[in-house]
Amino acid sequence: MIAVLSGVEARGRVKRLEARMATVDPRVVQTVEDILAQVRSRGDKALLAYARKLDRVSLKPGQLRVTTEEIDRAYSLVDLEFMKALELARASIERFHQSQLERSWMMTDDEGVFLGLKVFPIASVGAYVPGGAGGKRPLVSTALMCTIPARIAGCRRIVVASPPRAEGTLDPHLLVALAELDVDEIYKIGGAQAIGALAYGTESVRPVDKIVGPGNMYVAMAKLAVSGAVATDGLAGPSEIVVLADASARADFIAADMIAQAEHDADAIAVLVTVDGPLAHAVAAELSRQVGGLDREAVIKKSLATLGSILLLESLDEAVDVVNRIAPENLEIHTADPQAVLNRIRTAGAIHVGPWTPQVLGDYVAGPNHTLPTCGTARYGSPLGVWDFLKRTAVVTYTRDSLAGVARAVDTLAHVEGLEAHARSLAIRFDGPDRSGAAEPARAEGQARRPRRRPRRRAA
């Protein structure tokens with residue numbers, strides 16, 4: 001199913017993985033632009049039309065928003081085991097994200113200047129929760145990951161949109177999860193049209209200030225198109241996992257984790273980077289053995305055949321370098337000394353250390369957010385967190401004396417930039433004889449006006 005690549009072939013595959021952001025089909029872009037234009041001009045009528053066309057669901061005006069009765073009914077359709085699992089996941093995610101909450105701060109310097117930073121929650125946010133074809137695979141975990149940080153940040157209004165099932169409802173597990181998080185503004189809207197509704201508003205949906213959450217290519221392109229009208233989080237691409245392993249690793253564990261990631265969709269990426277030949281071939285055999293009989297076998301096989309890879313490299317140093325170049329969404333470390341390897345990893349969305357920490361823990365109950373940078377953006381991007389739902393405003397207070405202390409510097413810089421009114425706005429507050437009205441400190445006779453060059457700093 002997957003060939004073991006080494007030497008030139010392995011290096012070529014690494015280059016493909018580095019450049020794995022797929023070229024967007026122009027037809028997708030045009031379709032998204034058309035959908036957004038229709039939602040913006042026709043509102044609910046467009047949403048209902050796209051529900052019929054794309055989701056094969058017939059909804060009436062007024063049925064887009066989930067009702068209290070639907071939420072009450074959902075509780076009767078889930079079992080106790082689900083409620084226990086939901087509470088465990090919720091508690092873990094809340095505990096981890098609580099530590100990310102920023103506080104406003106203030107300071108006063110020796111000149112009497114008062115400075116500070118006010119931290120505010122974004123007033124309204126919208127979370128898109130994928131549901132799979134026909135809403136049959138609701139990502140309850142994504143609902144938790146997107147709404148819990150927003151709630152901790154203090155956002156007053158949290159809105160969720162997810163594609164409806166054929167009968168015009170949302171999965172009861174998703175509804176119960178959102179109800180337990182006190183999210184009651186839930187809409188049965190999927191795809192690019194949901195992003196348009198959250199960004200521009202319709203008769204049923206008030207617009208939000210920021211949109212978060214993963215989705216397919218149409219959702220990603222819609223988020224890109226509305227960015228500016230609203231804020232958005234990163235553009236989520238296909239799910240990814242890289243496993244870094246040596247001879248101490250278990251092939252069956254690694255294969256199972258690669259298959260779990262490939263199960264997401266046919267574009268998902270699963271890669272093993274190893275320095276041990278026997279392990280590489282054992283994982284290849286395990287992949288073929290384990291995939292048989294799974295519900296999504298066809299999807300998994302297509303995913304593994306596309307960019308699924310087993311890279312056999314010559315040294316652990318080279319393996320670590322390759323991982324940092326790929327910058328994966330998820331990284332697992334299966335080595336004899338995983339902590340030593342961890343200290344050398346610079347680019348990954350989330351790192352799962354040791355054989356007893358499969359990536360699926362991060363999907364559900366570990367606590368850190370599973371909405372992660374993909375397509376190499378872990379080189380500069382971060383997971384979704386409380387910080388994504390906060391905004392910051394600087395606070396500045398000067399006294400007359402502290403303002404006088406910087407007046408000359410402001411006057412000089414403003415005139416260098418050719419902004420005379422900038423200088424005057426400060427100078428008007430003082431009496432003075434110079435060109436701007438700001439008092440000019442006396443210079444000793446013959447004082448040099450040309451500054452001396454600052455000595456260059458030499459490297460140690």
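Taken together, the values in this text are just the output of simple stated rules run on the coordinates, not laboratory data. Source: prediction; values computed, not measured. Note that each Cβ is placed from the backbone with ideal geometry, even for glycine, and that neighbours are counted across all protein chains shown.
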message: With the cut-off at 18 Å, tell me which of the pairs LYS84/LYS188; LYS136/LYS223; LYS210/LYS391 have Cα atoms farther apart than that.
response: LYS84/LYS188; LYS136/LYS223
message: Using only the alpha-carbon atoms, how far is helix 251-262 inclined from the longest principal axis of the chain? Give it as 0 to 90 degrees, nearest 10.
response: 70
statement: The helix 297-306 Cα axis meets the longest alpha-carbon principal axis of the chain at an angle in degrees, between 0 and 90 and rounded to 10, of 50
- request: Please list the non-local residues whose amide H lies under 5 Å from the amide H of ILE211, H modeled 1.01 Å from N, same-chain partners needing a gap of 5 or more.
  value: GLY126, ALA231, THR232, ASP233
Selection from LEU287, GLY234, VAL208 lying farthest towards where the dipole of segment 197-308 points positive, charges on Cβ: VAL208
task: Note the angle between two axes, namely the Cα long axis of helix 217-226 and the longest principal axis of the Cα atoms of the chain, as a number of degrees from 0 to 90, rounded to the nearest 10.
output: 20
field: Distant-in-sequence amide H partners of VAL243 (H built 1.01 Å from N, under 5 Å)
entry: VAL271, LEU272, VAL273, GLU332
statement: Under the Karplus relation with 6.51, -1.76 and 1.60 and θ = phi - 60°, whole-Hz ³J(HN,Hα) for segment 37-49, x at Gly and Pro, equal 5, 5, 5, 5, 8, 10, x, 4, 4, 5, 4, 5, 5
- request: Work out from phi, with θ = phi - 60° and the Karplus expression 6.51 cos²θ - 1.76 cosθ + 1.60, the ³J(HN,Hα) of each residue of segment 420-425, listed in order in whole Hz, and give x for Gly and Pro.
  value: 5, 5, 4, 5, 5, 5
- request: Collect residues whose amide H, placed 1.01 Å from N in the peptide plane, falls under 5 Å from the amide H of GLY132; neighbours closer than 5 in sequence don't count.
  value: ARG137
Cβ charges +1 (Lys, Arg) and -1 (Asp, Glu), total dipole of the chain, debye: 1620
task: For ARG52 paired with ALA266, estimate the spin-label separation in nm (one decimal), with each label point 7 Å from Cα along the Cα-to-Cβ line.
output: 2.9
message: Residues of segment 399-413 with the amide nitrogen closer than 11 Å to a label point 7 Å from the Cα of PHE114, along Cα-to-Cβ, please.
response: 399
task: Work out the FRET efficiency for ARG157 and SER425 from their Cβ-Cβ distance, taking R0 = 25 Å, and round it to the nearest 0.05.
output: 0.05
field: Cα→Cβ-extended label distance, 7 Å offset, between ARG379 and LEU224, nm
entry: 1.7
- request: Can you tell me how much longer the chain between LEU77 and ASP295 gets when fully stretched, taken as 0.36 nm per residue apart minus their C-alpha distance, in nm with one decimal?
  value: 76.1 nm
message: Per residue of segment 328-336, what does 6.51 cos²θ - 1.76 cosθ + 1.60 with θ = phi - 60° give for ³J(HN,Hα)? Whole Hz please, x for Gly and Pro, Karplus curve as stated.
response: x, 4, 10, 10, 10, 10, 10, 10, 5
field: Cα-projected label distance for GLU18 with GLN98, points at 7 Å along beta-carbon direction, nm
entry: 4.4
- prompt: Over the chain, what is the relative contact order in whole percent, taking alpha-carbon pairs under 8 Å and six or more residues apart?
  reply: 19
